[in-house]
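This is the structure I want to talk about, given as structure tokens.
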Amino acid sequence: MRTSFISTRHSLGAQISMKSIRQALQTIAALSVVVFACATGHVSAQSGVLNLYSARHYSTDEALYTNFTKATGIKINRIEAGEDALLQRLKAEGANSPADVFLTVDAGRLWIAEQEGVFAPIQSTVLNERIPESFRLASGTWYGFSSRARVIVVDRSQVKDGEVSTYEDLANPKWKGQICTRSGSHVYMLSLLSSIIEHAGAEKAEAWAKGVVANLGRQPKGGDTDQLKAVAAGECSIALANTYYIARLIKSDKADERAIMQKLRVVWPNSAGRGVHMNVSGGGVVKTAPNRANAIKFMEYLASDEAQGYFANGNNEWPVVKTATIKNEALDSMGKFKADPINMIALGKNQRLAQEIVNRVGWK
């Protein structure tokens, strides 16, 4: 960087002070937002444009975007990245951000975005009527558009039917050395722990987390699919996974992946009690959205029966709108279940406490 500035200085035949260089760098940083905006749709409002920041990395979502454009004529300019990266980008861009809508996965992440002031409340009769209260904020700050369950998966040959029926069973010392999980600090695990805090209180939630850690068969690592593979390989007998990961293996065109699920059995936890832990994928309108009207149209489209069907049939998630049609044999094969009716707000509200518990019990 230093060489290029020196070279430029000599070519212009001017002496640039360090103060001038710092001012130039600040100007470049500010202009970079404008350059980015030009690449994704101008910061100023455009009647036929929607700028979408999405942490959803599912190829099946392409149909959602294509059909929205066909129905409305509104072109979607899309930036996809990790949740943290997109949040940092939104904060760095500030009032100059071209983003209209931010989509992400997990209620915990939606809560963080809301707390960071990313979203603007909106009033939409369509969204308020179609999205259940437990899957949205009453203020209209964010809405959940698809749901997933976090279930227990066991080795058919090692765990008898009915031996494990609740999340609480995972802390039973009889399963010492038999459980595999991903990092306790991952948002999927924090949301599950947050739900336990809401139902049972912090003290019992911490005792549960401590018991699970004592029963781990290996150090937490990998994602949900890695846990499923570990159980099938005999590294452990019990794991936790979101249902769409399971459905992917069931539907896989690879024989070795389908064989994994043939060794496993899905357990719907707490069916006799509060029900299985649910979570959402959702989003909201960015508070500085230059194309606010288009953003609301897009949000309302995601709540349509058509879009809701794509969530279920394309990415193995359950729609949140009751009238949506599901045609997914993999989801159907997992059977009926009772969903925990807890409001998604609790998953975000308790997240900091959940992280403190994870830290204390050493759930790395």
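Mind pulling the angle between the C-alpha long axis of helix 292-302 and the longest principal axis of the chain? Nearest 10 degrees, somewhere in 0 to 90.
20
Further, regarding this structure: Taking K and R as +1 and D and E as -1, what net charge do the other residues with C-beta under 15 Å from the C-beta of SER157 add up to?
Working: positive: ARG156, LYS160, LYS263, ARG265; negative: ASP155, ASP161, GLU163, GLU235.
Neighbour charge sum, excluding SER157 itself: 0.
While we're on this one: Using a simple spin-label model with points 7 Å from Cα along the Cα→Cβ vector, what separation in nm is obtained for ASN172 and LYS70?
5.1
Quick one: Debye curve from the C-alpha atoms of the chain, no solvent, what's log10 I(q)/I(0) at q = 0.07, 0.09, 0.11 Å⁻¹?
-0.36, -0.57, -0.80
What does the helix-only formula give at 222 nm for the chain: each DSSP H stretch with n ≥ 4 adding -39500 (n - 2.57), the total divided by the residues, and the result rounded to the nearest 500 deg cm²/dmol?
Details: 16 runs with 167 residues, N = 364.
Per the formula, -13500 deg cm²/dmol.
Among the listed pairs LYS229/LYS336; LYS91/LYS221; LYS229/LYS251; LYS176/LYS204; LYS91/LYS322, which are separated by more than 26 Å between their Cα atoms?
On the way: LYS229/LYS336 24 Å; LYS91/LYS221 30 Å; LYS229/LYS251 15 Å; LYS176/LYS204 19 Å; LYS91/LYS322 35 Å.
Correct reply: LYS91/LYS221; LYS91/LYS322.
Can I ask one more? Give me the distance in nm between label points sitting 7 Å out from Cα along the Cα-to-Cβ direction at GLN88 and LEU353, one decimal.
Simple spin-label model gives 3.0 nm for this pair.
Still on this model: Between GLN115 and THR323, take the C-beta separation as r, use R0 = 35 Å, and let me know the FRET efficiency to the nearest 0.05.
Values: r = 32 Å, r/R0 = 0.92.
Efficiency computed from Cβ-Cβ geometry: 0.65.
For LYS75, list the aspartates and glutamates whose Cα falls under 17 Å from its own Cα; do not include residues on the same chain fewer than 8 positions away.
ASP61, GLU62, ASP100, GLU300
Suppose each label sits 7 Å from its Cα in the direction of the beta carbon; what would the SER139-SER333 distance come out to in nanometres?
Calculated label separation equals 4.3 nm.
With springs only between Cα atoms under 10 Å, which of ILE79, ILE345, ILE296 fluctuates most in a Gaussian network model of the chain?
ILE79
While we're on this one: Roughly how far apart, in whole Å, are the Cα centres of the stretch 174-197 and the stretch 250-303?
Result: 19 Å between the Cα centres.
Rank the residues SER165, SER304, SER191 as a footprinting-exposure proxy: fewest other Cβ atoms within 10 Å of their Cβ go first. All intermediate terms of the calculation are to be shown ahead of the outcome.
On the way: SER165 16, SER304 19, SER191 26.
Ordered by Cβ neighbours within 10 Å, fewest first: SER165, SER304, SER191.
Using per-residue counts of other Cβ atoms within 10 Å, averaged over each peptide, order 143-151, 265-273 from highest down. It would help to have the intermediate numbers written out before the result.
Numbers: 143-151: 24.3, 265-273: 17.6.
Listed from highest to lowest mean packing, they are 143-151, 265-273.
Values quoted throughout were computed directly from the atomic coordinates according to the rules given, and no laboratory measurement underlies them. Note that this is a predicted model, so its numbers are computed, not measured. As a convention, Cβ positions derive from the backbone with ideal geometry for all residues, glycine included, and neighbour counts pool all protein chains shown.
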